[in-house]
Structures are given as C-alpha cells and as structure tokens.
1. Just to be sure I understand the filter: pairs with C-beta atoms under 9 Å, separated by 6 or more residues or on different chains, first member in the stretch 220-245 and without any contact (Cβ under 8 Å) to a residue 40 or more places away in the chain, second member among the polar types (S, T, N, Q). Which pairs pass?
2. Examine the stretch 6-14 for a residue that is of a type outside the set (Gly, Ala, Ser) and within 28 Å of Asp114 (Cα to Cα), and state whether such a residue exists.
3. Only one of these is assigned to a loop (DSSP other than H, G, I, E, B), of a type outside the set (Phe, Trp, Tyr), over 24 Å from Ala202 (Cβ atoms) and assigned by TED's automatic domain parsing to the domain that holds Ile55: Arg137, Arg146, Arg141. Name it.
4. Among Glu182, Glu154, Glu124, which is the only one that is closer than 29 Å to Leu204 by Cβ and out of contact with any helix residue (DSSP H, G or I) (no Cβ under 8 Å at 6 or more places or on another chain)?
5. Any residue in the stretch 161-180 that's at positive phi: show its pairings with residues that are in a loop (DSSP other than H, G, I, E, B) at Cβ separation under 6 Å, as long as the two are six or more apart or on different chains.
6. With touching a helix residue (DSSP H, G or I) at 6+ places or on another chain (Cβ under 9 Å) and crowded, with 21+ Cβ neighbours inside 10 Å as the only criterion, which of Val90, Val72, Val78 stands out?
7. Among the residues of the stretch 168-195, how many are over 17 Å from the mean Cα position of the chain (by Cα) and closer than 14 Å to Asp107 by Cβ?
8. If we only count helices (runs of 4 or more DSSP H) wholly inside the stretch 190-268, which ones have 3 or more residues that are at pLDDT below 90?
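The values are calculated or read from the model by the stated rules, or taken from the named source; none is laboratory data. Since we're looking at a predicted model, the values are computed, not measured. In this analysis, Cβ positions are derived from the backbone assuming ideal geometry, glycine residues included, and neighbour counts consider all displayed protein chains.
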Amino acid sequence: MQRPFTAVRSLGLDLDDIVDRCRAYEPLLRDGEAFSHETAAALFRLPLPRMPDLIHVLAPTGSVRARGRGVVGHVASVAPPVVVRDGLTVVAPAVVWCQLAAALSRDDLVAVGDAIVTPPRRGEVRGTALAGLGELRAAARAWGSRRGARMIAEALPLVRVGAESRRESHLRLVFVDEGLPEPMPNPAVTLADGEVVHPDLADLARRIAFEYLGDIHRTDRKRWQADLRRRRALAAAGWPVVEVTADDLGPKRGAFVASIRALLGGAD
C-alpha cells in the first residue's frame, strides 16, 4: 500500500512518474482546482531544468489553497483556462509559462516557451503546438504585474518556433547575447540529392550548421547514428558543421564564442 499524500492510499502506481503521482493526488482535487506551475509543465513534457518533487495545485479565486504533505497550493487571482492532459485537469500551457517565470532563469523560461510554440515533428510532418506565440503574448498581457512579470517581459521577445531541446534554445541565446547573427532552429535544408535534413541550428546565409551533442548521444545508439549521418550529409554538401557540447555553453563559453566569431568573419 502506497502513501503518497496525506489521506491517500494507492496501489501499483509509479510514484516517480509525474502522471501517476498526479493520479494519486487526483481524489483530493476540489471543484475548480487544477494542476499548475512546475507540475503542469512536467505533464506537458516541457524541458524543465529538473523534475518537480512536489505537486503544485491551483485553487479558484477566493478559495483556500491546497495543503498537505508533498503539495504546494496556490490560489488564482484570475481564473485561468484549463485543459485535460492524460485525463487530468491542468492549467493551459500559455498560462503555465507565465506561472514559471518566477522560478526559472531567463534562458530556461525561453526554452520552455520555445517548446510550447514548436509543433512536434515526425520526419517532415509537424503536429500541433501546445500554444501559439499569440497565445503566449495574450497570456503575458493578462498576467499584468504579477510575480514574474519582469522576467516574462525579458523572455517573451526571445521565444522562437523550432527548437527541439532545452540546450538548443540555450545555444541560440548565446548567439543573441554575444551579438552574433541569430541562427534558425531546425530549418529544413534540402541537399543536392533531394534529402531534407534539419540541423539543430543553422546560419542559412553562410550555410553553417550547429549541432548540440548532449548526453543522449552516449546513451541512445540509434539517435547517435542518425545525427552522425545528418552531420556527414551536411558536410558533404559544403556546410561546415560546428559541434557544441555543454562545456561550450559553460566554462568554455568564451573560447567557443571567439571561435564562432572568427568562423563568421567577425560578424557583429
């Protein structure tokens, strides 16, 4: 018998999984309550820097916030739109983005925004984005001067459609912050043989691709081989491919930026 929350007993749930943890808490949800903040972001599979340990629940305006072991309660100042995700009532993605503004860095808030507005891709087929840029802007206006408003104002103009990972967003922001030409995330590049590939980021004017090498390339052999084939195809087509690692975004950022500036011909 599992005891994930006060007054809750469950059987057979994976309490390390965010969906199962929310299902364990669901019997405690009162009328008008919804999962929110980091919990909602995790349910939407958004790229948080870390998975939430606690369940965040938003209560309607004028209600008493949820309390108990493992729960963070919030009360809405304005009733937000909600959606159903995995059978659970969740605050809508654009509002969740605003809720996260007080907890995330600018770069991580941009990465979450990128993920919200980017339709998932399977080959050349795009699905439906969680929300559009217009919805993010409308949510930011409705948020007003509430907590996180300054961070929202800073991050919103930097959100772009196309990024498919948190680190891709972080890499693009290095270019923005250093005054380098901003690369396009995951553009479709048609090679001479008609094959279409999608580099993580690309300077289309200069035909330079930037590929982020994350830990998944060490643990997912199929993904590693597919990305290697893409890099080889781009190089064979005359596109220089710059491989980027976590060190290039951290302790070696200065050297990395200098090398990119030199590659781009000292572009400002």
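1. Listed by first residue and then by second, the contacts come to Val242/Ser259.
2. No.
3. Going through Arg137, Arg146, Arg141 in turn, just one is assigned to a loop (DSSP other than H, G, I, E, B), of a type outside the set (Phe, Trp, Tyr), over 24 Å from Ala202 (Cβ atoms) and assigned by TED's automatic domain parsing to the domain that holds Ile55: Arg146.
4. Of the residues listed, the single one that is closer than 29 Å to Leu204 by Cβ and out of contact with any helix residue (DSSP H, G or I) (no Cβ under 8 Å at 6 or more places or on another chain) is Glu124.
5. As it stands, the answer is Gly162/Thr118; Gly162/Asn186; Gly179/Asp268, since those pairs meet every condition given.
6. Result of the check over Val90, Val72, Val78: Val90.
7. 4
8. By residue number, 216-219, 221-236.
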